[in-house]
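Report on the following structure.
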Amino acid sequence: MINRALTRLKTVQILYAHYQDETSTLYDSLKELEKSLEASHELYLHMLALLTDVRYYAERRAESIELRAQRLRTELEEKPYDAYLAENKLLLMLQENKELEAFKAHRRELWAVGDTFLKRVVDLFVQSNLMGEYVAREDRSFEADRELIRALYKQLLTENEDMDEILEEQSIYWNDDKDIVDSFVLKTIKRLNEKDNEDTPLLQAYDEGEDPEFGAKLLTAAIKRCDELRDMMSERVRGWDFSRVALMDILIMQLALAEVLTFSEIPLNVTFNEYINMAKCYSTPKSGHYINGVLDSIVKGLKAEGVIAK
């Protein structure tokens, strides 16, 4: 699940931190990058674990509702929605997944069963219109259960301020991970089917074909060739003045040029698009257009000189 898009994002963050801390060495920054990428996969597993905790909490609450009715010698007018969550086939499959079970056994929990936050999530799920529509349809197939959880997650957990606060308190690496991690959680939910079992693998840290060393190579090139890359910018852009350019713009261009010069197999348009989009999110409103112009000018010169051939 750690693809190049996520790695680029993490690398520019570490590069920024590197230049903010005058004592930071290349080794220090490489270790931070490694920790940051590992944390992204950890967050992915935590979010899947949350779904199993939701099921467990709903099960306990459904049992409590039933026991209370028995004590009062009354019959429930309708099956509590918590019971539907407790019986959800997709959630039961995740609970039984050996990989996720092992993760939960060896990692600290972010949300204990008695936590107020977990209760709020279960409340959001059972009170959602999505749950009411699911119950009314009376379709209890695996596909229906899976789509319910996917829809609930997408609608109620991808933009959740309470969760964002919890994640920010837990790890400095998770501030910007949530959107990307959510996409992988939803991908995981969508690809599970009723033929899967407890041995079904979840998304691994690196997919087959991904280079685990991509980020380290990119960061190393950007730091070691810093003077060369910045001279390249200054020589090819008329009126260049570092004091008037946002630091993040400089770092994004530095990283983009490091990628262009280090990874000949990556098409230029891919590199350009990735870093221009990054600039739109992490720098000024005009940064994307500006960076595109600067990189285009530099690359044209490098091609004319025969430095790059792509």
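Toward the positive end of the charge dipole of the stretch 55-98, about the Cα centre and with charges on Cβ (Lys, Arg +1; Asp, Glu -1), which of 76, 88, 64 goes farthest? Going by the charge dipole, the pick is 64. The residues of the stretch 1-151 expose on average 51 square angstrom of accessible surface per residue, using a 1.4 Å probe on protein heavy atoms. Taking other residues whose beta carbon is less than 13 angstrom from the beta carbon of residue 26, and scoring Lys, Arg as +1 and Asp, Glu as -1, yields 0. The residues of the stretch 187-297 expose, per residue, 54 Å² of accessible area to a 1.4 Å probe. In the complete set of protein chains, residue-level accessible area for residue 187 is approximately 100 Å², probe 1.4 angstrom. The label point for residue 25 and the one for residue 168, both projected 7 Å from the Cα toward the Cβ, are 3.4 nm apart.
Using a Förster distance of 41 angstrom, determine the FRET efficiency expected from the C-beta separation of residue 155 and residue 247, and round it to 0.05. It comes out at approximately 0.65.
Between 150, 68, 140, the Gaussian network model of the chain with springs among Cα atoms under 10 angstrom shows the greatest mean-square fluctuation at 68. A simple spin-label model places the labels of residue 69 and residue 227 7.7 nm from each other, with each point 7 Å out along Cα-to-Cβ. Taking label points 7 Å from Cα along the Cα-to-Cβ direction, residue 210 and residue 87 give a separation of 3.8 nm. Entry note, the chain: the mean residue ellipticity at 222 nm calculated from DSSP H runs of n ≥ 4, each adding -39500 (n - 2.57), is -22500 deg cm²/dmol after division by the residues and rounding to the nearest 500.
A full extension of the chain between residue 195 and residue 143 corresponds to an added length of 17.6 nm, given 0.36 nm per residue minus the alpha carbon distance.
Charged neighbours of residue 211, selected by a Cβ distance under 12 Å, balance to -3 (K, R count +1; D, E count -1). In this view, the solvent-accessible surface of residue 264, computed with a 1.4 Å probe and all protein chains in place, comes to about 90 Å².
So the label point goes 7 Å from the Cα of residue 34 along Cα→C-beta, right? Which residues of the stretch 187-225 then have their backbone N under 12 Å from it? Residues 213, 216 qualify, since their backbone N sits under 12 Å from the label point. Of the complete DSSP H runs in the chain, those spanning 30 angstrom or more by Cα along the long axis with a mean Kyte-Doolittle score not below -1.0 are 26-71. If you take all other residues with their beta carbon under 15 Å from the beta carbon of residue 48, and give Lys and Arg +1 and Asp and Glu -1, the sum is +1. Note on the chain: with a GNM built from Cα contacts shorter than 10 Å, the maximum mean-square fluctuation among 130, 94, 202 falls on 130.
Test of the criteria: in the stretch 208-310, which GluC sites (Glu not before Pro) are in a DSSP loop and have at most 13 other Cβ atoms within 10 angstrom of their Cβ? Here the sparse-neighbourhood loop sites are 208, 213, 265, 305.
The values are calculated or read from the model by the stated rules, or taken from the named source; none is laboratory data. A quick note: this is a predicted structure, and the numbers were derived from the prediction, not measured. Glycine also receives a Cβ, built like all others from the backbone with ideal geometry; neighbour counts cover every protein chain displayed. Accessible surface is based on the protein model in full, side chains and every heavy atom, while ligands, DNA and RNA are left aside. Shrake-Rupley method; radii C 1.70, N 1.55, O 1.52, S 1.80 Å.
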